[in-house]
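The values are calculated or read from the model by the stated rules, or taken from the named source; none is laboratory data. Please read these numbers as outputs of a predicted model, since none were measured by experiment. Cβ: placed from backbone, ideal geometry, glycine included. Neighbour counts: every protein chain shown. Heads up: the accessible areas ignore ligands, DNA and RNA and are worked out on the full protein's heavy atoms, side chains in. Shrake-Rupley method; radii C 1.70, N 1.55, O 1.52, S 1.80 Å.
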Amino acid sequence: VWTLGAHHPDLFAGLLILAGRGDYYYWQKVKRDNLPAYKQRLIDTEFAMSLLPNLRNIPIFCAHGENDSLVPVGEARHIVAAVRKVNPNVTYIEVPEADHWIFEEVFARQETRDWMKARRRQTPAEFTYTTYHPRYDRCYWISGMAVDRKTLPAQVTARREGQLLDIDSHGVRSLVVEHEKMPREIRDLPILKPADVEIVEAQRPRTPCGPVKEAFLSPFLFVCAGDPGDTNNVSQFHKRCLEWYRYAKTFPVVASEKSLTEKDLARYNLVLFGEPEQSELVARAVGASPIRITAESYTIGGRPFPRQSNGLCFVCRSPWNPGKLVVVQCGIPWGEGLEDNHRYDWLPDYIVYSADRDSDGSNHALGAGF
């Protein structure tokens, strides 16, 4: 709820968080600078602590059990204290002697029900919105933010300055101002904007991009890429499908390379498991990416990494449909040391990795980024 509210504060009348946590670094007791840059980016995108300005205008009710054995109560105290610096409209209660399972007790309280009934969605005249990903490109009456991924985080601040509406930004090339969604008191004010930001009339189509887990947010297909007679490749593919089953409690939609039609290739986000020497699909996906593969190396940005005993996973726009994504995984398997429900969390846009494992169970990255 912390994350959903920070990504989409305009969609909700309030946030009710039970036994939650909003700061990965505090939760895992690690220092941000001790993690590789690609993990920092993935964490900052998904945790409320790096998105605090977005929570400025939304009422929050947070409850936590005093003796929570899964998410220690310190997590709630920590994030609530941080949020209160930008938003005083935070109600916090601790349930005495309670563990993690506080749902019935909290909802049975008259205080909780009264708080929920009193909520109405509001549209503020002034706000700041921070984002680390082009998917999160709208807030209140600003939408279609063209986010520059090279200068993240991107941020837009709207404030009233007398009889002007000042829109300031960082890392945003263009945006849409939706006047009909504005509060009436600012709707007709002239807009003062940065010289390097274009205000356009309509939202432009969003270009799909990574990280890898973005490919799972619309219909996707697991593809056994290569020779269906290669028993080792087929066996490894079955393991990937079982991993997904243990996570999702259902099998992914699957296909072999030889059975796919052009319609299939254009319809789905594709997750290809195989090597470019054995698979025309993998070879074409690699050719459409900035990555190059030879018998000896994976090369990214002109930097070669040894191919032997290592693995590669990357996501890029699909060469069969530029509105879709394709994921390629070749070499050694990814994530065998990770929990099933977090297997894809640590995959950025591209990663070359070894069989060695980091302290969190992920494969050690030789090179990774966006």
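Given an 8 Å cut-off on Cα distances and at least 6 residues of separation, report the relative contact order of the stretch 256-370 as a percent.
Working: 205 pairs, mean separation 26.0, N = 115.
Relative contact order of the stretch 256-370: 23 percent.
For the chain, with the dipole built from +1 on Lys and Arg beta-carbon atoms and -1 on Asp and Glu ones, taken about the Cα centre, which of Leu11, Val1, Ser318 lies farthest toward the positive end?
Farthest towards the positive pole: Leu11.
Using only the heavy atoms of the protein chains and a 1.4 Å probe, how would Lys39, Lys263, Lys117 rank by accessible area, largest first?
Order by accessible area, largest first: Lys263, Lys117, Lys39.
How do Trp2, Trp115 stack up against each other in accessible area, from largest to smallest, with a 1.4 angstrom probe?
The residues order as Trp115, Trp2, largest area first.
Based on DSSP H runs of at least 4 residues, each adding -39500 (n - 2.57), what is the mean residue ellipticity at 222 nm of the chain after dividing by all its residues, to the nearest 500 deg cm²/dmol? All intermediate terms of the calculation are to be shown ahead of the outcome.
Values: 9 runs with 79 residues, N = 370.
After summing the helix terms and dividing by the residues of the chain, the value is -6000 deg cm²/dmol.
Report Trp346's accessible area, 1.4 Å probe, all protein chains in place, as a number in Å² to the nearest 10.
30
Quick one: compute the contact order of the stretch 12-123, relative version, from alpha carbon pairs under 8 angstrom and 6+ residues apart, as a percent.
Result for the stretch 12-123 is 35 percent.
In whole angstrom, how far apart do the alpha carbon centroids of the stretch 129-180 and the stretch 259-329 sit?
Each part reduced to its Cα centre gives a spacing of 34 Å.
Through the Karplus equation 6.51 cos²θ - 1.76 cosθ + 1.60, θ set to phi - 60°, convert the phi angles of the stretch 251-267 into ³J(HN,Hα) values in whole Hz; use x for Gly and Pro.
Once rounded to whole Hz, the list reads 6, x, 5, 10, 7, 9, 4, 5, 8, 7, 9, 4, 5, 4, 4, 7, 7.
Which ³J(HN,Hα) values in Hz, rounded to whole numbers, follow from the phi angles of the stretch 108-113 under the Karplus curve 6.51 cos²θ - 1.76 cosθ + 1.60, where θ = phi - 60° and Gly and Pro get x?
6, 6, 4, 4, 5, 5
Given the whole protein assembly as supplied and a 1.4 Å probe, what does the accessible area of Leu42 come to in Å², nearest 10?
Using a 1.4 Å probe on the heavy atoms, I get roughly 20 Å².
Kindly write out, for the stretch 33-40 in residue order, the coupling ³J(HN,Hα) from the Karplus curve 6.51 cos²θ - 1.76 cosθ + 1.60 (θ = phi - 60°), rounded to whole Hz, with x marking Gly and Pro.
5, 8, 9, x, 4, 5, 6, 4
Please give the per residue accessible area of the chain, computed with a probe of 1.4 Å over protein heavy atoms only, in Å².
Here the per-residue accessible area is 49 Å².
Give the carbon-plus-sulfur fraction of the accessible surface of the stretch 224-273 in %, rounded to a whole number; probe 1.4 Å, heavy atoms of protein chains only.
Ligands and nucleic acids excluded, carbon and sulfur give 55 percent.
If you average the sequence gap of Cα pairs under 8 Å that are 6 or more apart and divide by the length of the chain, what percent do you get for the contact order?
Here the relative contact order equals 12 percent.
Going by accessible area, probe 1.4 Å, with all protein chains left in place, what is the ranking of Val1, Val327, Val234, largest first?
Final ranking, largest accessible area leading: Val1, Val234, Val327.
Any chance you could look up the accessible area of Val254 with a 1.4 Å probe, heavy atoms only, rounded to 10 Å²?
Its accessible surface works out to 80 Å², give or take rounding.
Measure up Lys213/Lys324; Lys39/Lys150; Lys31/Lys249; Lys193/Lys324; Lys39/Lys213 against 23 Å on the Cα-Cα distance and list the ones that go over. Don't skip to the end; give the middle numbers.
On the way: Lys213/Lys324 13 Å; Lys39/Lys150 16 Å; Lys31/Lys249 34 Å; Lys193/Lys324 33 Å; Lys39/Lys213 14 Å.
As for pairs spanning more than 23 Å Cα to Cα, those are Lys31/Lys249; Lys193/Lys324.
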